[in-house]
Structure formats: C-alpha cells, structure tokens
1. Using only helices, what value at 222 nm comes out for the chain when you add -39,500 (n - 2.57) per DSSP H run of length 4 or more and divide by the total residues, to the nearest 500 deg cm²/dmol?
2. About the Cα centre, and with charges only on the beta carbon of Lys, Arg (+1) and Asp, Glu (-1), how big is the dipole of region 199-250? Nearest 20 debye, please.
3. Top mean-square fluctuation among 116, 325, 128, Gaussian network model of the chain, C-alpha springs under 10 Å?
4. Taking only Cα atoms and a 10 Å spring cutoff, compute GNM fluctuations for the chain and point out the largest among 339, 80, 60.
5. Using a cut-off of under 17 Å, list every residue of region 329-369 whose amide N is near the label point 7 Å from the Cα of residue 285 along the Cα-to-beta-carbon line.
6. For residue 106 and residue 49, what does the FRET efficiency come to when R0 = 25 Å and r is the distance between their Cβ atoms, rounded to the nearest 0.05?
7. Which listed residue (118, 209, 191) has the Cα farthest towards the positive end of the charge dipole for region 107-367, taking +1 on Lys and Arg C-beta and -1 on Asp and Glu C-beta about the Cα centre?
8. Relative contact order of region 56-198: what whole-number percent is it, with Cα pairs under 8 angstrom and at least 6 residues apart?
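What follows is calculated from the coordinates using simple rules that are stated; it is not laboratory data. No experiment lies behind these values; they were computed from the predicted model shown. Neighbour counts run over all protein chains shown; Cβ positions are idealised from the backbone, glycine included.
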Amino acid sequence: MRRRPRDGSSNVRRLPNTLSSQPMPDPDSPNRTPTPEQTSIATEALIGTPAWLPLATAPDGTVRLIRLTAADYRAASFLDARILQGSPPPAECSVTTLAAAAARLAPNAQFIFHIGHVGSTLLSRLAGEHPNLFSLREPTLLREAAQPGGNAANGLTLPQRLGLLSRTWRPEQRALIKTTSFVNEIAADLLACTADSRAILLYTPAITYLRAILAGPNSRLETRALGPSRLERLRRRARGALPEPRSEGEWVAMSWLCEMSALEETALRFGPRVRWMDFERFLREPVTRLAEMLLAVGVEPDTRLIETVLAGPLMHRYSKAPEHGYDPDLRRRVLAQADLEHAAEIRSGMDWLAGLRNAHPHVAAALAR
C-alpha cells in the first residue's frame, strides 16, 4: 500500500512504458526516452499546467497520465492511446487524487464540434497558432464521457474532466478542444458546464460528406465500425422508427445525419453560443472564415497572423499525418474521383435522406444547411 505524503499532496507513480495492447501509431508524436523513475509528484503538478495529461481512467480506480510539452500538444493529432507511440513519460494516480485536483479547476474551454472528416484537425491547428488559444485534439477523457453512462464514469464528473482539459500554459490562453465526432452526443452538456463557453459546429453538406467518406478506405472502415452505435443514437433522437440502412451509401448518409442532428440539437439549445461553419466555405474564403472562427471562440483575429498561417505548411499537409502532402486542389480531385467511382452509393445515400426529409424535423434542418 502506498502512503500519502504528510504534506497532503497525492502520490503519482511513474509506470513502465509498456502497453497491454499495441496502440495505433500516431505519426505526429515525437520520439523520446522516458525519464528515470520518480516516486511521487505533488498534486500541484496536476493543477498548474497541462503538462500531466490524464489519458484514461480504469475501472480499478487508477488513472494513466503522460507528461507532454507544449510542442507535444501542438504536434499531436489525437490525445488518446496513439500518442503513446512517441514514448512520453508515463505515470499513474488514483482517480480520487485526480478528482481532488480537478475540483480545484474551473471548466473554461471553447470547442470545435464536428461530424467527422470535415477538416476539423486542420481548423484546430490553424486556430492553435493564435497565441491566446491552446488547441487540444480528441482527448480520451471526453470520449469516455460520451459513452453510455459515461458522464460520471470511473469517478470523474463531466465538469471535472473539462476542468482538467481547460488547463493552459499561460494565463492569457484559453483551451480550444476539438472533440471526436461522437462526442457530439454530449456537446450540449459540455457547453452547459460554463456560462460563456462557445463552440464551432463544423460540417459539410451531405453530398460532400458522402464523397469524402467513400473516397477513403480508412474512413469507410471507420464508418462501418461506428454505424450501429450511430443508428442507435439517431433513433433515440428521432423518437421514432428509422429505416435500416441497406447499402454502404445509406450507412454513410445515416452517419452524416446522426452527427448533424446532434449538432442541430445543440444549436437549438445554445444558439447564441455556437457558430455553424461549412468547411467548403472555409476553403473558398479561408482568411475571412478563419477570422470569423477566431472571433466566435473569443479571441481577436490578427489579419497579418492569419495570412501568415494560411500561407504556411498547414494548408499543404494532411493534418492528421503532416508528413503527407494534401491541399485543397488535391482534395477537389479526390472528391471528383469519388463521384466517378461511387456514383451509385452516393445517389443511394442522398435518396435515403430525401425519404426522411418530411418525417423528422432534424433531417429537414440539416439538409437545409
């Protein structure tokens, strides 16, 4: 049994840098060697900065943490198990210790909610270049909370999770959290944690979404994996029977509708605090739209900074894997190719949505955007 230090601080124990299951590689994570073992870290280390990131809670009451620098956060596409590929120094503490630290932290974050595969990682990276924003991408703590019964799962409440993710490196910064798409299910709950938080609701029209998903083998696999849970979520929201998707195009269309309807529900509740953004419009007018986004999340846009950032490498690399080139011209060619190769599935998806237009208000609202 570990003893609690007499000074009242809580123990955080370093772990060997091993995994029970191999994570998916995260190409954005730097390679590092873990630091020597350390027996304890004061509770204050969990409060002052975001250096110790709670990666995941466990049913046995322990929490795995990793130590990250500002550069690590800036590089990371995902704050989940994939970041372990870079061998960040690990630690663990009890969920009781983490909850006690979180109780001293006020939720104070802005958000990017999105429907998936709509440029959210790019927008998060671009916005994160503003000195007053600290961008975090897809933290596991919120993915856990979005699972059924997850708001208080493993001893952490949603405000406590958000408090931990609201820590910044400098007082003038505010956290900007880009969530995973299915976290849309608790988007309204997250906005309710603070009185002044704001959110970007990022999307593309259904036909563009269909093209983008069907153009990529990995996105098609992900859509199949998430399909059953998305259909269940959509049926709960629609409060009525929905036709079972039969073709791949219909499953993709249903996925779009599930996440769009979740965002529509959030907008209905928090209209003045959210701003819709169509990624296609951003690509047509990046300077104007990025400035609008920054204003919407509470920071003053600087035109010179925006133009510099947009002229830099971020707009010419694949945001989830920056070693690969990708830009708006290549994206247009990929979508055009999807039109040729997947015309029948795209048509079946759009027909499936059209058949629901008059039956469900959320469908009509989503299709009208």
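1. Values: 15 runs with 157 residues, N = 369.
Taken over the chain, the calculation gives -12500 deg cm²/dmol.
2. On the way: 10 positive and 5 negative charges, 44 e Å.
For this selection, approximately 220 debye.
3. 325
4. Residue with maximal mean-square fluctuation among 339, 80, 60: 60.
5. Output list for this probe position: 369.
6. Values: r = 15 Å, r/R0 = 0.61.
So, using R0 = 25 Å, E works out to roughly 0.95.
7. 191
8. On the way: 234 pairs, mean separation 45.5, N = 143.
With pairs under 8 Å counted, the relative contact order is 32 percent.
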